[in-house]
Amino acid sequence: MKVREPAVAGMFYPSSQSKLQNMIMELLNANKVDEHFPNITGLISPHAGYVYSGKTAAVGYNTIADKDYSTVIILSPSHREFFAGISIYDGDAYRTPLGTIPINKEIAAKLTAGSKVIFESSQGHGSEHAVEVQLPFLQMVLKNFSIVPIVIGDQRKACHYELSERLSKVIDDSVLLIASTDLSHFYSRTIAKKLDSVIENHLINFDYEHLQSDLENGKCEACGGGAVVALMKAAELAQKKNIKVLARTDSGDITGDHSEVVGYLSAVVY
């Protein structure tokens, strides 16, 4: 088996199985959601270290704690290498301290078949954290699921839209989409709030076209903005257009330093 081993265990989250389980359980218990969301298609979830964004992520993961999904498709930006197109991991599994998660090779093949943009490769997956940090949360709230880890190396609109078209054809009640993203980086809290509110408003209005445009024009920032656009367009094509922003925070809530913050957001698409 070709297994992608943990790259950021011990940095973004604990490398000890027991400490990781306890940390996630504490986060989930402390960040409950009162509202019930039917037929959840997707989550938008942050991917910073759990100390910083774990509370925000936990709010989203609590919405699927009683759900049953056979496959989770995770859409991630590429932080460490640029490459043309979109890479679906070509191995057999991803591993975390909580265990090994198999790749759904059948869905991966459907997403890549005949595409010049989407391909199976290890490119972008080696040290990328944005997929990996979602996995322990998933392992704590779901049972017996496979994944399709997707890293977007090219942030062009055409790439996002082709991905969304293909995703819409594999979405059903057994498949969950996750867009892994943080928001603006290293601005003062005042500036960050203005930038991040642009994204939040586009989500509330389910307006991925203006979100894509504002990301391109620098009116807002999100490292996984393309993943969010792809998720929203795929959900629309699958006729699931309800969205709720569950939480929006920044790193200053934890550090107390508001001079340079990173923004986080959790949302559910249903």
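The values are calculated or read from the model by the stated rules, or taken from the named source; none is laboratory data. Since this is a predicted model, take the numbers as computed values, not measurements. Please note: Cβ atoms are built from the backbone with ideal geometry, for glycine as well, and neighbour counts cover all protein chains shown.
Considering the stretch 79-110, the residues that are farther than 18 Å from K143 by Cα and buried (at least 22 other Cβ atoms within 10 Å of the Cβ) include one that is farthest from the chain's Cα centre (by Cα), namely A108.
Picking from residues in the stretch 33-58 that are assigned to a loop (DSSP other than H, G, I, E, B) and under 19 Å from I254 (Cα atoms), the one that is farthest from the chain's Cα centre (by Cα) is G49.
Suppose we filter I73, I64 for residues that are in contact (Cβ under 8 Å) with a residue 40 or more places away in the chain, of a type in the set (V, I, T) and not in a loop (DSSP other than H, G, I, E, B); which single one remains?
Details: I64 fails: not in a loop (DSSP other than H, G, I, E, B).
Within the list I73, I64, the selection yields I73.
Listed here are the residues, each with its yes/no results for (1) under 19 Å from the mean Cα position of the chain (by Cα); (2) hydrophobic (A, V, I, L, M, F, W, C); (3) under 20 Å from I86 (Cα atoms).
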{"position": "A158", "(1), (2), (3)": "no, yes, yes"}
{"position": "S164", "(1), (2), (3)": "yes, no, yes"}
{"position": "I171", "(1), (2), (3)": "yes, yes, yes"}
{"position": "D182", "(1), (2), (3)": "yes, no, yes"}
{"position": "I191", "(1), (2), (3)": "no, yes, no"}
{"position": "A222", "(1), (2), (3)": "yes, yes, yes"}
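Let me confirm something: among E26, E35, E5, which residue is farther than 22 Å from A227 by Cβ, surrounded by fewer than 22 Cβ atoms within 10 Å (Cβ to Cβ), modelled with pLDDT under 95 and out of contact with any His (no Cβ under 8 Å at 6 or more places or on another chain)? Only one candidate qualifies: E35. The number of residues in the stretch 231-269 being surrounded by fewer than 18 Cβ atoms within 10 Å (Cβ to Cβ) and under 16 Å from the mean Cα position of the chain (by Cα) comes to 2. Residue-level analysis places D214 among those that are under 28 Å from G124 (Cα atoms) and not hydroxyl-bearing (S, T, Y).
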